[in-house]
Amino acid sequence: MTIKIGDRMPSGTLMQMTKDGPAPVSTDDLFKGKRVVLFAVPGAFTPTCSAAHLPGFLKNADALKAKGVDQIVCLSVNDAFVMGAWGKDQKVDGKIMMLADGSGDYTRELGLELDLIAAGLGARSRRYAMVVEDGVVKQLNLDEGGGLEHSKAEVILKQL
């Protein structure tokens, strides 16, 4: 079942690359008492994700924070090493928290998995963006196929 507006985010553990290596991030801690914009991509270093989706959130990070967003999070079914390298490549410099869902467990828990096995990419995440306030989904924007219409930063910014 896909998560929807009004649902509480499930508890889980994601991974973040730190200077000391991969470190766990509790989703309970991530969302508790905060307004978080979480966006997910099918894969780090992939064309649309690298050329438009992540850069759009990076470009609009200050405007999102000015609207009361405490944390901007990029999530992908990749490992923490890949997400850390992609963050460096994109020069996120702490403006966006790059989180890995290496096994896709959290993505499956959300009901937002995407089967790209036939394309040689394995199980991934659908492209989406959501606003989470104190652990509750307030906005959820899903894109279909390879599109980037509903989950881009500019749309979320208008919805805040």
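The values are calculated or read from the model by the stated rules, or taken from the named source; none is laboratory data. The structure displayed is predicted, hence computed values, not measured ones. Heads up, the Cβs are rebuilt from the backbone with ideal geometry, glycines too, and the neighbour counts pull from every protein chain shown. Heavy atoms of the whole protein, side chains included, go into the accessibility calculation; ligands, DNA and RNA do not. Shrake-Rupley method; radii C 1.70, N 1.55, O 1.52, S 1.80 Å.
Take THR18 and tell me if it is within 24 Å of ALA119 (Cβ to Cβ) and β-branched (Val, Ile, Thr). Explain how you work it out, then say what you get.
Working: within 24 Å of ALA119 (Cβ to Cβ): no; β-branched (Val, Ile, Thr): yes.
For THR18, the condition - within 24 Å of ALA119 (Cβ to Cβ) and β-branched (Val, Ile, Thr) - is not met.
Considering each of ASP62, ASP101, ASP70 in turn, give the residue that is at pLDDT 95 or above, within 15 Å of the chain's Cα centre (by Cα) and open to solvent by 20 Å² or more (accessible area, probe 1.4 Å).
Details: ASP62 fails: within 15 Å of the chain's Cα centre (by Cα); ASP101 fails: open to solvent by 20 Å² or more (accessible area, probe 1.4 Å).
Checking each option against the conditions leaves just ASP70.
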In the range 33-83, what residues are more than 23 Å from MET9 (Cα to Cα), hydroxyl-bearing (Ser, Thr, Tyr) and in contact with a helix residue (DSSP H, G or I) (Cβ under 8 Å, 6 or more places away or on another chain)?
SER50
Pick from the range 116-160, criterion free of Cβ contacts under 8 Å to residues at least 24 places away in the same chain and closer than 18 Å to ILE3 by Cβ, ranking: surrounded by the fewest Cβ atoms within 10 Å (Cβ to Cβ)
GLU144
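For LYS95, are the conditions met, namely being assigned to a loop (DSSP other than H, G, I, E, B) and either free of Cβ contacts under 8 Å to residues at least 60 places away in the same chain or within 14 Å of the chain's Cα centre (by Cα) (or both)? Give the steps one after another, and end with the answer.
Working: assigned to a loop (DSSP other than H, G, I, E, B): yes; either free of Cβ contacts under 8 Å to residues at least 60 places away in the same chain or within 14 Å of the chain's Cα centre (by Cα) (or both): yes.
Answer is yes for this residue.
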For the range 21-48, give me each residue that is open to solvent by 20 Å² or more (accessible area, probe 1.4 Å), more than 16 Å from the chain's Cα centre (by Cα) and either modelled with pLDDT under 95 or at positive phi (or both).
GLY33, PRO47
